[in-house]
Amino acid sequence: CQHRLGIFDLVPLLSQLFLRGRCRYCKTKISFLNFFTELICGLIFLSAFLHFTSVTQALSFLFCLVLSLFDAKNHGFPLLVWGGFAVIFFLIFPFHVTMLCWFFLALLAECFPLKIGAGDFLWLFILSYFLSFIQLVEVIQIASVLGLLWYVFKKEKELAFIPFLSIGYLILFLTLRIH
């Protein structure tokens, strides 16, 4: 409604709870996805603050969240966002051969109809900073099972796969953290 938000409207999570998911001024319903995104971001920053995750791990989870939201909404991948994260990680971590393989597969997916998006491979490119090749294969396996279950129940013809990859990464992270 283009109304200037007040100070209490800008309090993450609480403002949406108190206003029951609606705009204070025009009463338009606000997507639950906004609440969910604020909650996940808060948990990511809290995990880094409490040293449950490192700063770079928290950054990788933010990367997963941003690209999962893009892919779920648009079935696409913003190359500019990926490039920004790639530059940040490139400055922090050394480059290795596995990354080139994922990048090459992304180029192939962009040029030929492989039925898998280039964004999925670019996501794997970034996560290869944090995970070994075997761990990435485990993430792909978890994501594939989750994606198949989603497909069976939702019957969607086109599947945004990055959210499943991100959930697979989170599951792998938590299981490694527990052991």
With the requirement that a residue be assigned to a helix (DSSP H, G or I) and of a type in the set (S, T, N, Q), what does region 27-66 give you? 34, 37, 47, 56, 57, 60
Which is open to solvent by 60 Å² or more (accessible area, probe 1.4 Å) and under 22 Å from residue 143 (Cβ atoms), of 67, 80, 50, 107? 107
If residue 148 satisfies all but one of (1) assigned to a helix (DSSP H, G or I); (2) open to solvent by less than 50 Å² (accessible area, probe 1.4 Å); (3) out of contact with any Asp or Glu (no Cβ under 7 Å at 6 or more places or on another chain), what's the number of the condition it fails? (2)
Test result for residue 89, buried (at least 19 other Cβ atoms within 10 Å of the Cβ), under 15 Å from the mean Cα position of the chain (by Cα) and either closer than 26 Å to residue 177 by Cα or not β-branched (Val, Ile, Thr) (or both): no
All but one of (1) of a type outside the set (Lys, Arg); (2) touching a Leu at 6+ places or on another chain (Cβ under 9 Å); (3) buried (at least 17 other Cβ atoms within 10 Å of the Cβ); (4) not in a helix (DSSP H, G or I) hold for residue 114; state the number of the condition that does not hold. (3)
Subset of region 152-175, residues free of Cβ contacts under 8 Å to residues at least 24 places away in the same chain and under 19 Å from the mean Cα position of the chain (by Cα), comes to 159, 164, 174, 175
Look at residue 122 and say whether it is under 19 Å from the mean Cα position of the chain (by Cα), at pLDDT below 90 and within 15 Å of residue 76 (Cβ to Cβ). yes
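The values are calculated or read from the model by the stated rules, or taken from the named source; none is laboratory data. None of these values were measured; they are calculated from a predicted model. Counting neighbours? That spans all protein chains shown, and the Cβs are built from the backbone with ideal geometry, glycine included. To get the accessible areas, we keep the full protein, side chains included, count just its heavy atoms, and leave off ligands, DNA and RNA. Shrake-Rupley method; radii C 1.70, N 1.55, O 1.52, S 1.80 Å.
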